[in-house]
Every structure is written in structure tokens, then in C-alpha cells.
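What follows is a set of notes on a single structure, which appears directly below.
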Amino acid sequence: MTGDLDYDLYILGAILVLALCSLLTRAGYFVFGDYFPLSDPVRRALRYAPTAALIGIVVPELLPWSPAAGLQLDIKVFAALFAILIYWRTRSTLMVIVGGMVSFWVLRALL
């Protein structure tokens, strides 16, 4: 709080409006979902949303690209490939996390 009541109320109001917008967009389907049913093609398409979000987060982190330098390979790529191999052999999420991190730490220590 700055001591300026108008400014503080403006900031608090903005926070409350943004919190309300976030609540409505995140919980809106749970509250109003019975009134607005989704069609089957939309339901089928939404099954892929978590995978698409995960790919959108992981791929830019593993394969950074800039116009000046192009594609930049890092030890993260090799640790991720090792984690994929571990998952392919074990199908264990815990082993993927442990193996990927251990391989990342070992590669970072060696290079």
C-alpha cells in the first residue's frame, strides 16, 4: 500500500477483476458445462490439449532457436533422449524423472 487511497483501490480492483476473470475461465465449464454441452468433435479435439500444452512447454526448452544462431543443441537434448529411452524400456514415470535428471547432471559434470 502506497498511502494514496485512490491508487490503492485501483490496484486492488484490478487484482479482483483479474482474479474473477481467471476464476470464470478456469471454472466456468464446471459451473456452466451442463448448460453448454460440447459436441463430440470438440470433445475429441480437447483430449489432445494436455499433450499439446506439454509439447509447447518442453520443445522450446529443449530446442531453443534464434534467427541469428539457428538451432542450438544442448546437453538437455541428450538427457531428454536418454529419458525417452528409459521410458521406452521401463514405462515408469519415476524412472524417467530420475534417469533424465541423473543423466543431465552427469553430462553437465563431464562437459
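Here, each number is a calculation from the coordinates, and none is a lab measurement. Being a predicted model, the structure only gives us computed values, none of them experimental. Cβ sites come from the backbone with ideal geometry, for glycine too, and all protein chains shown count toward neighbours.
Here are some notes:
- The single condition among (1) within 30 Å of PHE78 (Cβ to Cβ); (2) surrounded by 10 or more Cβ atoms within 10 Å (Cβ to Cβ) that LEU16 does not meet is (1).
- For segment 73-90, the criterion of being among the hydroxyl-bearing types (Ser, Thr, Tyr), without any contact (Cβ under 8 Å) to a residue 24 or more places away in the chain and either in contact with a strand residue (DSSP E or B) (Cβ under 9 Å, 6 or more places away or on another chain) or under 30 Å from TYR29 (Cα atoms) (or both) is met by none of the residues.
- Qualifying residues in segment 66-104 (those that are out of contact with any Phe, Trp or Tyr (no Cβ under 9 Å at 6 or more places or on another chain), of a type in the set (A, V, I, L, M, F, W, C) and not in a helix (DSSP H, G or I)) - the one surrounded by the fewest Cβ atoms within 10 Å (Cβ to Cβ): ALA68
- Subset of segment 39-66 [within 26 Å of LEU111 (Cα to Cα) and not aliphatic (A, V, I, L, M)]: PRO60, GLU61, PRO64, TRP65, SER66
- Filtered by the rule that a residue be of a type in the set (Gly, Ala, Ser) and either over 24 Å from the mean Cα position of the chain (by Cα) or outside any helix (DSSP H, G or I) (or both), segment 21-38 gives a lone residue, GLY33.
- Boolean, LEU63 is surrounded by 14 or more Cβ atoms within 10 Å (Cβ to Cβ) and in contact (Cβ under 8 Å) with a residue 24 or more places away in the chain: no
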